[in-house]
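In what follows, a structure is listed as structure tokens, so that the remarks can point back to it.
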Amino acid sequence: MQPAFDPRPWGTLDLSPIYPNHKFAEKIGEAWLTGDACQVATGPLKGKSLAELSSQYGRELVGDTAPDPGRFPLLLKFLFPHEKLSVQVHPDDEAAHRAGQPWGRGRLHAAPGQ
């Protein structure tokens with residue numbers, strides 16, 4: 001997968017510890033490794049986004065415990081803070097539903113029996 005780079009004011013221009021061959025004109029705060037916009041780097045699916053693949057393959061790709069078969073259920077990212085970050089509190093599922101969102105953040109789903 002090709003990462004998707006997300007500019008943030010608290011980010012940095014130098015991602016060389018992990019991405020030595022990437023140069024940036026704006027501060028990058030996050031590199032999303034499994035976000036919807038991330039694209040396959042090689043092979044027959046090269047150029048397809050994770051969102052496209054999740055929509056196309058559904059449960060075959062995301063498994064039976066994912067809350068939405070059309071979305072990849074895991075967001076994995078590197079943070080590159082060049083400044084101190086504030087504490088962030090993310091809603092649980094119940095609070096997210098009240099705010100009109102499909103689910104909260106930071107959830108882990110164990111397989112049945114775990």
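Data for the structure
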| quantity | calculated |
| --- | --- |
| Calculated FRET efficiency for the pair Ala99/Asp68, C-beta based, R₀ 22 Å, to 0.05 | 0.85 |
| Accessible surface of the chain [probe 1.4 Å, protein heavy atoms]: carbon and sulfur percent | 54 |
| Sequence ranges 36-46, 65-75, ranked by mean other-Cβ count within 10 angstrom, highest first | 65-75, 36-46 |
| Debye equation applied to the C-alpha atoms of the chain, log10 I(q)/I(0) at 0.18, 0.20, 0.24 Å⁻¹ | -1.09, -1.19, -1.28 |
| Ordering of 47-56, 13-22 by packing [mean C-beta count within 10 Å, highest first] | 47-56, 13-22 |
| Sequence-distant lysines (8 or more away, or on other chains) whose Cα lies within less than 25 Å of Lys46 | Lys23, Lys77 |
| Per residue accessible area of the chain, 1.4 Å probe, in Å² | 71 |
| Cα-based reach from Lys84 at 17 Å (exclusive), listing aspartates and glutamates while leaving out same-chain residues under 8 positions away | Asp14, Glu30 |
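The values are calculated or read from the model by the stated rules, or taken from the named source; none is laboratory data. Computed from a prediction, not measured in an experiment: that's the story for all the values here. Ideal geometry is used to build each Cβ from the backbone, glycine not excepted, and the neighbour counts take in all protein chains shown. When the accessible area is computed, the model is the full protein with side chains, heavy atoms only, and any ligands, DNA or RNA have been set aside. Shrake-Rupley method; radii C 1.70, N 1.55, O 1.52, S 1.80 Å.
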